[in-house]
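Here is the structure we will look at.
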Amino acid sequence: MNPRKIELPREIHTGPGVIKNTGIICKDLRFKGKVMVVTGYKTFKIAAKDVINSLKAEDFETEYMKVKEASMESVMMVKENLDDISLVLGVGGGKVIDVAKMAATLAGLSFISVPTAASHDGIASPRASIRDGERGSVSMKATSPIGVIADTDIIIKAPFRLLASGCADIVSNYTAILDWKLAHRLLNERYSESAAALSLMTAKMIIKSADAIKEGLERSARLVVKSLISSGIAISIAGSSRPASGSEHKFSHALDNIAPKPALHGEQCGVGTIMMMHLHGGDWRFIKDALKKMHAPTTAYELGIEPEYIIEALTKAHTIRKERYTILGDRGLTRDAAEKLAKKTEVI
């Protein structure tokens, strides 16, 4: 076995109002000099202003950039403005955090994740989902955040749909682990018992707490955020996204490339988990019922996506990240098999 380094966040701050301590947190982490705040057009007012004020109160010189989409173009635009920067903060939703994380990685800088919504496990993971031209949405290796500042007062004010999407992304760990075990058995792929156990425990915990996931409840935001961070740490331990990304994520990425208006990442992964659990011969109804309790979509109709695109995504999912073996195999599903699967699991 070759030596391997595991990168984990050094500090994780969660709770109501913690965003106002951003400057102090950065100072405690011994950062100095100019800081770049990457944010979105809506999240600038919601959170980035407070972050900038907190940094200035601790005598940090700050700059900020607003990004619209998680594309390589956005990543390179941010990277080009990091020459005299000592630290990058991503303040916003998943797209903003992915862009800031990837730009910091390419520039060799430390990164702090400041999520304004709990919609997927990119909050603390060493991966970034970036749209790269004709390749579509690609999961790219990045540096793990050195810190996470998750203000639950802000997160709970985000649309509840985003929180439910985060829950669904955690539930998808179930089939991700099954796919990983399959690749380990058939191809002798490297497998981490500890990373798999943490990932599965996190998924079980969020399902057990499904009744507590309610709109406007700060405790719900705290629970989902901690679960997403736990899932991200499992990815860091594994050294790959295997503990939280399998055939269900391939399906989601295929939908991103096919559907005119894709749904949220976590939502699509949740629906994908229902179908992939059936392929694994597992209890797909258990997954479906858990998602319903969390108010996450379980059908094409609830995703707002035409059944035709669901079927097409199922037939093309195996072509996403071909090096990652899953229950879909190397040849994928025929159109008839895909349609039968989607109907059997009541997705269409």
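The values are calculated or read from the model by the stated rules, or taken from the named source; none is laboratory data. The shown structure was predicted, so the numbers you read here are calculated from the model rather than taken from an experiment. Every residue, glycine among them, receives a Cβ derived from its backbone with ideal geometry; neighbour counts consider all protein chains shown.
For this structure, a couple of remarks:
- Test: residue in region 197-215 that is among the hydroxyl-bearing types (S, T, Y), surrounded by fewer than 22 Cβ atoms within 10 Å (Cβ to Cβ) and farther than 20 Å from A124 by Cα: yes
- The number of residues in region 316-348 being over 15 Å from M276 (Cβ atoms), assigned to a helix (DSSP H, G or I) and out of contact with any Ser or Thr (no Cβ under 6 Å at 6 or more places or on another chain) comes to 4.
- Being in a helix (DSSP H, G or I), outside the structural domain of A150 (by TED's automatic domain parsing) and at pLDDT below 95 holds for only one residue in L223, L198, and it is L223.
- Restricting region 43-66 to residues that are acidic (D, E) and in a strand (DSSP E or B), the residue that is farthest from N21 (Cα to Cα): E63
- For region 201-220, the set of residues classified as in contact with a helix residue (DSSP H, G or I) (Cβ under 9 Å, 6 or more places away or on another chain), assigned to a helix (DSSP H, G or I) and charged (D, E, K, R) consists of K204, D211, E218, R219, listed by residue number.
- For the residues A150, A183, A168, the requirement of being of a type outside the set (V, I, T), assigned to a helix (DSSP H, G or I) and either under 30 Å from G216 (Cβ atoms) or without any contact (Cβ under 8 Å) to a residue 60 or more places away in the chain (or both) singles out A168.
- Among the candidates T62, T116, residue that is touching a Lys or Arg at 6+ places or on another chain (Cβ under 8 Å) and in contact (Cβ under 8 Å) with a residue 12 or more places away in the chain: T62
- Subset of region 252-288 [charged (D, E, K, R), farther than 28 Å from K208 by Cβ and part of a helix (DSSP H, G or I)]: D256
- Considering region 1-42, the residues that are β-branched (V, I, T) and part of a strand (DSSP E or B) include one that is surrounded by the most Cβ atoms within 10 Å (Cβ to Cβ), namely V38.
- S240 being assigned to a helix (DSSP H, G or I) and not charged (D, E, K, R): no
- Residues of region 67-112 satisfying the condition of being surrounded by fewer than 19 Cβ atoms within 10 Å (Cβ to Cβ), in contact (Cβ under 8 Å) with a residue 40 or more places away in the chain and assigned to a helix (DSSP H, G or I): M72
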